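Each remark here refers to the structure printed beneath this line.
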Amino acid sequence: MKTIQILLLVSILFLGCSEEKNKTPEINQLNETPEVLDGKKSEGSFLKSKRYKRNIIEDLYNEALGKNEKLETLNNLIKEITSDSLSDKTSNYIDYTTINNRYWTTAKSYANKLNDSIKKIEILAIFDKLETDYNKRIANHETKMDSIAVLKTKLSDQLILMKLFVTEPMIHNYQSNELPDIEELKSIIKDYENAIENSKEYSKVRK
(Lines give C-alpha, C1' and ligand atoms only; values in the text may rest on other atoms or scores of the structure.)
Protein backbone atom coordinates (compact mmCIF):
# COMPACT_ATOMS: atom_id res chain seq x y z
CA MET A 1 0.00 0.00 0.00
CA LYS A 2 2.84 2.36 0.89
CA THR A 3 4.50 1.66 -2.45
CA ILE A 4 1.29 2.51 -4.30
CA GLN A 5 1.02 5.79 -2.39
CA ILE A 6 4.58 6.69 -3.33
CA LEU A 7 3.87 5.92 -6.99
CA LEU A 8 0.79 8.14 -6.93
CA LEU A 9 2.71 10.99 -5.32
CA VAL A 10 5.47 10.74 -7.90
CA SER A 11 2.92 10.78 -10.73
CA ILE A 12 1.37 13.94 -9.28
CA LEU A 13 4.82 15.47 -9.04
CA PHE A 14 5.55 14.88 -12.71
CA LEU A 15 2.32 16.63 -13.65
CA GLY A 16 3.16 19.52 -11.36
CA CYS A 17 6.68 19.84 -12.71
CA SER A 18 5.40 19.81 -16.27
CA GLU A 19 3.04 22.69 -15.49
CA GLU A 20 5.84 24.52 -13.68
CA LYS A 21 8.05 24.44 -16.77
CA ASN A 22 5.32 26.11 -18.82
CA LYS A 23 5.12 29.06 -16.45
CA THR A 24 7.60 31.83 -15.71
CA PRO A 25 8.62 31.54 -12.07
CA GLU A 26 7.31 34.43 -10.00
CA ILE A 27 10.74 35.45 -8.79
CA ASN A 28 11.90 36.23 -12.34
CA GLN A 29 9.02 38.46 -13.42
CA LEU A 30 10.69 41.63 -12.13
CA ASN A 31 13.91 40.91 -14.01
CA GLU A 32 15.91 41.60 -10.88
CA THR A 33 19.45 40.43 -10.25
CA PRO A 34 19.34 37.47 -7.84
CA GLU A 35 20.27 38.56 -4.32
CA VAL A 36 22.87 35.82 -4.01
CA LEU A 37 24.72 37.38 -6.97
CA ASP A 38 24.24 40.97 -5.81
CA GLY A 39 26.98 41.90 -3.39
CA LYS A 40 25.14 45.11 -2.46
CA LYS A 41 22.06 43.23 -1.25
CA SER A 42 23.46 40.14 0.44
CA GLU A 43 26.31 39.65 2.87
CA GLY A 44 26.20 36.00 1.88
CA SER A 45 26.73 36.86 -1.76
CA PHE A 46 28.15 34.12 -3.98
CA LEU A 47 30.70 36.69 -5.17
CA LYS A 48 32.02 37.17 -1.64
CA SER A 49 32.60 33.48 -1.01
CA LYS A 50 36.22 32.32 -1.14
CA ARG A 51 37.27 31.15 -4.60
CA TYR A 52 33.62 30.55 -5.55
CA LYS A 53 33.63 27.14 -3.84
CA ARG A 54 29.89 27.32 -3.25
CA ASN A 55 27.50 25.67 -5.69
CA ILE A 56 25.96 28.47 -7.74
CA ILE A 57 23.04 26.32 -8.93
CA GLU A 58 22.12 25.36 -5.36
CA ASP A 59 22.51 28.97 -4.15
CA LEU A 60 20.20 30.28 -6.84
CA TYR A 61 17.71 27.45 -6.39
CA ASN A 62 17.55 27.99 -2.64
CA GLU A 63 16.86 31.67 -3.21
CA ALA A 64 14.09 30.71 -5.62
CA LEU A 65 12.58 28.39 -3.00
CA GLY A 66 12.37 31.27 -0.56
CA LYS A 67 10.50 33.43 -3.06
CA ASN A 68 8.12 30.93 -4.63
CA GLU A 69 5.78 29.13 -2.24
CA LYS A 70 4.52 26.69 -4.86
CA LEU A 71 8.05 25.70 -5.80
CA GLU A 72 9.03 25.31 -2.14
CA THR A 73 6.02 23.08 -1.46
CA LEU A 74 6.89 20.90 -4.45
CA ASN A 75 10.54 20.70 -3.41
CA ASN A 76 9.58 19.70 0.14
CA LEU A 77 7.35 16.95 -1.22
CA ILE A 78 10.19 15.60 -3.34
CA LYS A 79 12.52 15.65 -0.32
CA GLU A 80 9.92 13.80 1.74
CA ILE A 81 9.58 11.05 -0.86
CA THR A 82 13.34 10.69 -1.38
CA SER A 83 14.43 11.16 2.25
CA ASP A 84 14.64 7.42 2.88
CA SER A 85 16.50 4.96 0.70
CA LEU A 86 14.51 2.76 -1.67
CA SER A 87 15.76 -0.32 0.19
CA ASP A 88 14.32 1.03 3.46
CA LYS A 89 10.94 1.70 1.93
CA THR A 90 10.74 -1.74 0.34
CA SER A 91 12.53 -3.67 3.10
CA ASN A 92 9.55 -5.97 3.86
CA TYR A 93 9.37 -7.23 0.31
CA ILE A 94 13.15 -7.42 -0.09
CA ASP A 95 13.40 -9.51 3.10
CA TYR A 96 10.60 -11.74 1.81
CA THR A 97 12.31 -12.45 -1.52
CA THR A 98 15.72 -12.86 0.09
CA ILE A 99 14.41 -15.58 2.43
CA ASN A 100 12.62 -17.38 -0.39
CA ASN A 101 15.61 -17.22 -2.75
CA ARG A 102 17.84 -18.56 0.00
CA TYR A 103 15.39 -21.41 0.54
CA TRP A 104 15.29 -22.39 -3.15
CA THR A 105 19.09 -22.35 -3.38
CA THR A 106 19.51 -24.44 -0.22
CA ALA A 107 16.74 -26.86 -1.19
CA LYS A 108 18.38 -27.58 -4.55
CA SER A 109 21.70 -28.00 -2.81
CA TYR A 110 20.14 -30.64 -0.56
CA ALA A 111 18.50 -32.37 -3.53
CA ASN A 112 21.85 -32.56 -5.29
CA LYS A 113 23.23 -34.51 -2.32
CA LEU A 114 20.91 -37.44 -3.04
CA ASN A 115 22.86 -40.56 -4.01
CA ASP A 116 19.97 -41.97 -6.03
CA SER A 117 20.42 -40.19 -9.37
CA ILE A 118 16.88 -40.95 -10.56
CA LYS A 119 15.39 -39.64 -7.31
CA LYS A 120 17.66 -36.61 -7.52
CA ILE A 121 16.37 -35.67 -10.99
CA GLU A 122 12.78 -36.19 -9.84
CA ILE A 123 13.14 -34.02 -6.72
CA LEU A 124 15.01 -31.26 -8.59
CA ALA A 125 12.20 -31.17 -11.16
CA ILE A 126 9.61 -30.86 -8.37
CA PHE A 127 11.45 -27.97 -6.73
CA ASP A 128 12.04 -26.25 -10.06
CA LYS A 129 8.26 -26.35 -10.58
CA LEU A 130 7.63 -25.03 -7.06
CA GLU A 131 10.06 -22.16 -7.63
CA THR A 132 8.45 -21.34 -10.97
CA ASP A 133 5.04 -21.19 -9.30
CA TYR A 134 6.46 -18.91 -6.61
CA ASN A 135 7.96 -16.58 -9.22
CA LYS A 136 4.57 -16.36 -10.93
CA ARG A 137 2.95 -15.37 -7.61
CA ILE A 138 5.38 -12.50 -7.08
CA ALA A 139 5.43 -11.35 -10.71
CA ASN A 140 3.15 -8.38 -10.02
CA HIS A 141 5.28 -7.37 -7.05
CA GLU A 142 8.40 -7.54 -9.20
CA THR A 143 6.74 -5.36 -11.83
CA LYS A 144 5.93 -2.77 -9.14
CA MET A 145 9.51 -2.88 -7.88
CA ASP A 146 10.75 -2.25 -11.41
CA SER A 147 8.32 0.67 -11.75
CA ILE A 148 9.51 2.18 -8.48
CA ALA A 149 13.14 1.97 -9.61
CA VAL A 150 12.28 3.67 -12.90
CA LEU A 151 10.26 6.40 -11.15
CA LYS A 152 13.06 6.99 -8.66
CA THR A 153 15.43 7.66 -11.56
CA LYS A 154 12.89 9.88 -13.33
CA LEU A 155 12.26 11.90 -10.19
CA SER A 156 15.99 12.41 -9.71
CA ASP A 157 16.24 13.65 -13.31
CA GLN A 158 13.16 15.84 -12.84
CA LEU A 159 14.71 17.57 -9.83
CA ILE A 160 17.86 18.29 -11.83
CA LEU A 161 15.75 19.75 -14.64
CA MET A 162 13.79 21.87 -12.17
CA LYS A 163 16.99 23.32 -10.74
CA LEU A 164 18.33 24.09 -14.21
CA PHE A 165 15.18 25.71 -15.59
CA VAL A 166 14.37 27.63 -12.40
CA THR A 167 17.88 29.09 -12.15
CA GLU A 168 18.48 29.82 -15.85
CA PRO A 169 16.19 32.91 -15.91
CA MET A 170 17.90 34.07 -12.71
CA ILE A 171 21.37 33.92 -14.23
CA HIS A 172 19.95 35.55 -17.37
CA ASN A 173 18.81 38.49 -15.24
CA TYR A 174 22.31 38.73 -13.78
CA GLN A 175 23.84 38.62 -17.25
CA SER A 176 21.53 41.37 -18.47
CA ASN A 177 21.74 43.63 -15.44
CA GLU A 178 25.33 43.31 -14.32
CA LEU A 179 27.35 43.35 -17.55
CA PRO A 180 30.18 45.82 -16.82
CA ASP A 181 30.55 48.92 -18.99
CA ILE A 182 32.77 48.13 -21.96
CA GLU A 183 34.31 51.60 -21.70
CA GLU A 184 36.17 50.39 -18.63
CA LEU A 185 37.86 47.70 -20.70
CA LYS A 186 38.54 50.15 -23.53
CA SER A 187 40.26 52.45 -21.03
CA ILE A 188 42.54 49.63 -19.88
CA ILE A 189 43.46 48.83 -23.48
CA LYS A 190 44.21 52.51 -24.11
CA ASP A 191 46.48 52.65 -21.06
CA TYR A 192 48.40 49.60 -22.29
CA GLU A 193 48.72 51.02 -25.80
CA ASN A 194 49.99 54.37 -24.49
CA ALA A 195 52.48 52.68 -22.19
CA ILE A 196 53.78 50.50 -25.02
CA GLU A 197 54.06 53.46 -27.37
CA ASN A 198 55.89 55.62 -24.81
CA SER A 199 58.27 52.78 -23.95
CA LYS A 200 59.47 52.49 -27.54
CA GLU A 201 61.69 55.55 -27.07
CA TYR A 202 63.64 53.67 -24.42
CA SER A 203 63.66 50.26 -26.06
CA LYS A 204 65.71 51.01 -29.16
CA VAL A 205 69.34 50.10 -29.75
CA ARG A 206 71.41 53.27 -29.64
CA LYS A 207 73.52 53.82 -32.75
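What number comes out for accessible area per residue over segment 128-195 if the probe is 1.4 Å? Units Å², please. Intermediate results must be reported in sequence, preceding the final value.
Numbers: 4980 Å² over 68 residues.
Accessible surface, normalised per residue, equals 73 Å².
Please sort 165-172, 134-141 by packing, taking for each peptide the average over its residues of neighbouring beta carbons within 10 angstrom, highest first.
On the way: 165-172: 17.8, 134-141: 11.8.
Descending packing order for the listed peptides: 165-172, 134-141.
Go through 195-204, 73-82, 114-123 and give me the packing order, highest mean Cβ count within 10 Å leading. It would help to have the intermediate numbers written out before the result.
Details: 195-204: 8.1, 73-82: 14.9, 114-123: 11.1.
Those peptides, ordered most packed to least, come out 73-82, 114-123, 195-204.
Calculate what fraction, in whole %, of the accessible area of segment 84-177 sits on carbon and sulfur atoms when a 1.4 Å probe is rolled over the protein chains.
Values: 3720 of 6500 Å².
The nonpolar share, carbon plus sulfur, comes to 57 percent.
The values are calculated or read from the model by the stated rules, or taken from the named source; none is laboratory data. Source: prediction; values computed, not measured. All Cβ positions, glycine included, derive from the backbone under ideal geometry; neighbour counts span all protein chains shown. The protein model used for the area step is the full one, side chains on, heavy atoms only, and it has no ligands, DNA or RNA in it. Shrake-Rupley method; radii C 1.70, N 1.55, O 1.52, S 1.80 Å.
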